[in-house]
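Take a look at the structure below.
The values are calculated or read from the model by the stated rules, or taken from the named source; none is laboratory data. Please read all numbers here as calculations on a predicted model, not as lab measurements. Cβ sites come from the backbone with ideal geometry, for glycine too, and all protein chains shown count toward neighbours. Each accessible area value is taken on the protein alone, full model and side chains, heavy atoms only, with ligands, DNA and RNA left out. Shrake-Rupley method; radii C 1.70, N 1.55, O 1.52, S 1.80 Å.
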Amino acid sequence: MLHIDRRSLRIRLLAWLGGVALLVVVTTWLLHGIFLQSLARDFLGERLQREANHAVAQLEQDQTAVPIALDSVSQGYQVFHHLYVLRFNGLVSASDPQWQQQLAPLLDESGDALIDVNRGTQHMLVYRRHFEWQGTQGVLLVGEDFSQVEAGLATLHWWVGGIAAVLLGMLIMLNMLAVNRGLIPLWQLRQQLEGLRSGKRDRLSLVTPSELDELVDQLNWFMDDIDLRLKRSRESVANLSHALKTPLAAITQVLRGNRPIDENRRHKLLSRIEDINAQLAAELRRSRIAGPNAGRMANVTRDSSRLIEMFRSLYPERIFNLTHSAHEKDQVPIEAHDFSEILGIVLDNAGKWSNRCINCDIAVSTTTLTLTTDDDGFGVAEEDLSRLGERGTRLDERRPGYGLGLSILAQLIARYSGHSRFERSPLGGLRVTVTLPLAVEVIN
């Protein structure tokens, strides 16, 4: 039994194209029959009208008696037409007496007109013409059998239908060829995706219609993002292995040794363990970086307000001020956790080093997000500003930390193709400006 996959794009296209082609051909064929018959009727009606006018002109020009004129007209129309009926001065003559009784009511109607008369299977087309001759009113009916014409038209119409059926079959075949040809890029894409799955290739590379360009680009972006995440994961493992190897070896050596653990050695062990914990936390934070291709949105007002409230509770002696530059949009194409991480690192750094006041301004436009944070702390010397963000760099040991926060910030900003700037703040401390381009237009 033949199985048809109704979800197949090929079947759907062929069904739609075949259905449209069938509808067009059938509609055209029906309209052809209607217009053909209407055209033949109008053509024959005009001919009957011209001949009726010609007959009336002959009567008006004839100077003989009425019976002779009637007889003359009768003889002429018996030669050229199937039927005529003439009423003049109370006298009625007809070329076919069988039709005279049926057509008699038409003589009493007013106005010149083309009339359809049916008797059994016979269809007669009759034109009525009123005229005046020698001061007397007359009516002339000129008719012709339309059944024979209709029979010929029906034959022609069915011939046209047969030709249309052949053309429909050819059109369906051409549709199949066009659909198969048009779907070749999809088949090539499927083959290359299979190559990606099997490891034979690492990117998609094919010539596609413009409608598929964005799809191929998106797939390549996803593949690059997966490769980048895998690379970052391996680097994190390598960093952890390198960073933890020495302190773990030192801790293991102390614990295996026979020397008693005094207060000094206990503090050193605790310091080693805290270093390990900090390294683990930093690498875990790096591993959670989603990047711009995650397909997630951040709500600027909600997420920033939530972070400000959290830092107000963490640093109750500090004053955190949050402002939003005028913009009616709130959702930005930045993964929510990444946005919270960027803003959190900046606010945490400002909270540690400020004396009392931290101002945070977030400006969102259709193309960029700009985050500016100022604090009133001691600031950083001009010659040291360029060193901020280097991994493990701490310019001041008066506050606890491991110099990893700004390093993670730099990696986050790089993932979004943004940039950061460190400078002296008008409040006296440090100003941190982070600018992130928005890959797509900001939406509500």
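Projecting the Cα atoms of Leu17, Leu86, Gly45 onto the charge dipole of the range 9-153 (Cβ charges, centred on the Cα centre) puts Leu17 farthest toward the positive pole. Going 7 Å from the Cα of Thr435 toward and past its Cβ, which residues in the range 334-377 have a backbone nitrogen under 11 Å from where you end up? What the label zone holds, given the 11 Å backbone N cut-off, is 368-371. Counting only Cβ charges, +1 for Lys and Arg and -1 for Asp and Glu, the dipole size of the range 308-367 around its Cα centre is about 320 debye.
Label zone of Ile308 (point 7 Å out along Cα→Cβ, amide N under 12 Å): in the range 344-381 this covers 358-363.
A full extension of the chain between Leu9 and Ile184 corresponds to an added length of 61.8 nm, given 0.36 nm per residue minus the alpha carbon distance.
Amide H to amide H distances under 5 Å link Leu322 with Cys360, where only residues 5 or more positions off or on other chains count and H is placed in the peptide plane. About the centre of its Cα atoms, the range 166-252 shows a dipole size close to 440 debye [charges on the beta carbon of Lys, Arg (+1) and Asp, Glu (-1) only; nearest 20 debye]. Of the listed residues Trp16, Trp99, Trp29, Trp221, the order by accessible area with a 1.4 Å probe, largest first, is Trp16, Trp221, Trp29, Trp99. Rolling a 1.4 Å probe across the protein heavy atoms gives the range 314-388 an accessible surface of 43 Å² per residue. Once the 1.4 Å probe is applied to the protein heavy atoms, the range 9-153 comes out at 57 Å² accessible per residue. Taking θ as phi - 60° and the Karplus parameters 6.51, -1.76 and 1.60, the scalar couplings of the range 161-174 work out to x, x, 4, 5, 5, 5, 5, 4, x, 5, 5, 5, 4, 5 Hz in sequence order, x denoting glycine and proline. Kindly report, to the nearest 10 Å², the accessible surface of Arg312 as traced by a 1.4 Å probe over protein heavy atoms only. Arg312 has an accessible surface of roughly 90 Å² with all protein chains in place.
Rounded to the nearest Hz, the phi-derived 3J(HN,Hα) couplings of the range 413-420 under the Karplus curve 6.51 cos²θ - 1.76 cosθ + 1.60 (θ = phi - 60°) are 5, 5, 4, 9, 6, x, 8, 10, where x marks glycine and proline. Accessible surface for Asp225 stands near 10 Å², nearest 10, in the context of the full protein assembly shown (1.4 Å probe). Karplus-derived 3J(HN,Hα) values for the range 99-110, using 6.51 cos²θ - 1.76 cosθ + 1.60 with θ = phi - 60°, are 8, 4, 5, 6, 8, 4, x, 5, 5, 8, 7, 8 Hz; glycine and proline are entered as x.
Stretching Ile273 away from Met223 to a fully extended chain increases their span by 14.2 nm, per 0.36 nm per residue minus the current alpha-carbon distance. Annotation: Arg12 carries an accessible surface of approximately 130 Å², with a 1.4 Å probe and no ligand, DNA or RNA atoms counted. Using 0.36 nm per residue and subtracting the Cα-Cα separation, the extra length available between Arg47 and Leu114 on full extension is 23.0 nm. Dipole of the range 302-359 computed with +1 at Lys/Arg Cβ and -1 at Asp/Glu Cβ about the Cα centre; of Asn355, Ser325, Gly344, farthest Cα towards the positive end is Asn355.
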